[in-house]
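The values are calculated or read from the model by the stated rules, or taken from the named source; none is laboratory data. On a predicted model such as this, the values are computed, not experimentally measured, just so you know. Cβ atoms come from the backbone with ideal geometry, glycine included; neighbour counts cover every protein chain shown. For accessibility, only protein heavy atoms count, side chains too; no ligands or nucleic acids. Shrake-Rupley method; radii C 1.70, N 1.55, O 1.52, S 1.80 Å.
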Amino acid sequence: MSWKGFKKSVVRAPQTFRSKFNIGEHTKDPIYEDAGRRFKSLETEAKKLSEDTTKYTEAIHGLLNHQVGFADACIEIYNPISGRASDPESYRLEGSEEGVQAAEAYKDIVHELESSLASELEVIETRIVQPTAELLHIIRSVEKFLTKRDHKQIDYDRHRATLKRLQEKKDRSLKDEKHLYEAETSFDQASQEYEYYNDMVKEELPRLFELEQDFIAPLFQGLYYMQLNIFWILYQKMSNFNIPYFDMNSDIITAYEEKRSDVRDRTEALTITRFKTGRPARKHSGSYTGHSSPSSSSSFSNKREDVAGDATSVSASSPTSSAAATSEVPPPYTSIGAQPSAMAAATAPEKPASFTASTASAPPAPPIKPKFKPAVPPVEYVTALYDYTAQAAGDLSFHAGDRIEVVSRSDNQNEWWIGRLHNSEGQFPGNYVQLDEIS
């Protein structure tokens with residue numbers, strides 16, 4: 001903005017403010033307002049047309065590029081991926097030579113398509129994209145003209161308000177008479193400029209709308225026929241290629257099922273495709289800082305898969321590592337009936353010597369009076385020591401520090417208990433929690 005334009009903006013600021021908040025008198029022209037709304041709609045649709053035609057051209061290029069990428073990916077998959085690089089003699093070719101050849105042939109067809117469609121895409125660029133850009137350039141010029149007309153209206157309202165204020169003044173001095181003369185001159189000039197721009201807009205905008213329809217009609221028709229050409233070329237190339245790997249005479253679904261055969265069932269039979277791990281548990285920073293969170297919850301997955309015997313054999317073959325892990329994570333589950341008392345004795349912390357001596361020398365405690373046993377057993381609660389994420393349907397998820405209501409449990413902490421948390425009931429590992437004292 002030039003310095004002259006900046007000064008005009010400052011002078012128009014008060015009147016612009018009053019016009020925005022509908023303060024005082026303002027000039028209104030319903031014909032211009034209606035034409036202005038139609039022009040805004042034209043501007044919006046022209047921008048959208050330009051963007052969509054550009055995106056359409058880019059989409060065709062992207063379609064071909066993705067087809068080439070698809071062929072490259074198939075070639076990599078069909079190439080042999082087994083064998084030992086350290087022992088070349090043991091290397092066995094396990095790839096699909098037919099698949100590689102088919103992917104290479106498909107890639108050649110896509111490159112031919114790119115060459116065939118290049119001329120069609122160039123026609124879209126010259127007959128659709130470029131004319132739309134020219135229309136946008138014209139619309140921007142008209143928009144500048146409309147902005148100038150709005151500025152002239154602000155000047156017209158501003159000078160009219162000043163003139164009216166001076167005319168309504170009863171006792172005018174010589175200075176006021178001079179200001180009144182200047183205001184009349186400025187108002188006459190502003191009226192002429194406003195009427196000139198306003199009349200021109202009201203006269204020529206409808207003509208622009210008529211020309212716009214004549215301009216859009218051939219663009220739309222041209223885009224339609226160009227699309228037909230593109231789709232026809234795609235159809236001709238894809239339907240007439242001769243690759244023996246593809247059975248073009250069979251039904252699509254039937255051919256797919258024959259190619260796939262039972263590979264899905266054989267893949268799902270692999271153990272690694274069914275291996276589950278939970279998310280890493282976070283260590284509770286509250287009153288359970290002495291415990292370390294387990295690295296994963298695969299032991300609970302083992303319970304689901306009924307492979308507890310494998311876990312037992314692994315723990316028996318490496319007693320040293322099992323002992324180290326016991327001090328950091330909860331004891332693993334087992335289904336061979338481990339004794340709770342023996343496990344508790346193995347994992348219990350060693351008591352200080354002073355505590356043992358003082359306990360041995362203390363006199364025997366008096367007998368405890370039996371407490372009244374209520375008819376209904378008290379509700380038990382446990383506090384979670386670690387995070388646990390449900391591994392299967394029926395499991396109860398919780399975070400470290402959550403207080404869980406016990407529905408049923410056994411005396412063995414290495415088994416699954418049933419609890420309730422946040423109106424959800426499910427089973428959870430007993431060695432992930434600590435029993436709360438019953439008050």
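Brief remarks on what is shown
- Close pairs (6 angstrom Cβ cut-off, 6 or more residues apart or separate chains): at pLDDT 85 or above in the stretch 231-256, assigned to a loop (DSSP other than H, G, I, E, B) anywhere: none
- Sole exception among (1) over 28 Å from E33 (Cα atoms); (2) open to solvent by less than 20 Å² (accessible area, probe 1.4 Å) for A118, by number: (2)
- Total residues in the stretch 209-250, condition open to solvent by less than 70 Å² (accessible area, probe 1.4 Å) and more than 28 Å from T57 (Cα to Cα): 3
- Selection of first residues in the stretch 207-218 that are assigned by the TED database to the domain that holds T132 and of second residues that are open to solvent by 100 Å² or more (accessible area, probe 1.4 Å), restricted to Cβ pairs under 8 Å at least 6 apart or on distinct chains, gives the following pairs, ordered by first then second residue: F209/R38.
- Total residues in the stretch 98-115, condition open to solvent by 60 Å² or more (accessible area, probe 1.4 Å), of a type in the set (S, T, Y) and in contact (Cβ under 8 Å) with a residue 24 or more places away in the chain: 0
- The number of residues in the stretch 251-265 being open to solvent by 70 Å² or more (accessible area, probe 1.4 Å) and of a type in the set (A, V, I, L, M, F, W, C) comes to 2.
- Some residue of the stretch 162-185 being loosely packed, with under 13 Cβ neighbours inside 10 Å, polar (S, T, N, Q) and either closer than 29 Å to A46 by Cα or modelled with pLDDT of 90 or more (or both): yes
- Among (1) in contact with a Lys or Arg (Cβ under 7 Å, 6 or more places away or on another chain); (2) farther than 30 Å from I243 by Cβ; (3) of a type outside the set (A, V, I, L, M, F, W, C) - the single one D157 does not satisfy: (1)
- Listing of strands (runs of 3 or more DSSP E) fully contained in the stretch 381-439 that carry 2 or more residues being surrounded by fewer than 21 Cβ atoms within 10 Å (Cβ to Cβ) and hydrophobic (A, V, I, L, M, F, W, C): 403-408, 416-421
- A71 touching a Lys or Arg at 6+ places or on another chain (Cβ under 6 Å) and among the small types (G, A, S): yes
- Any hit, the stretch 351-366, residues being β-branched (V, I, T) and at pLDDT 60 or above: no
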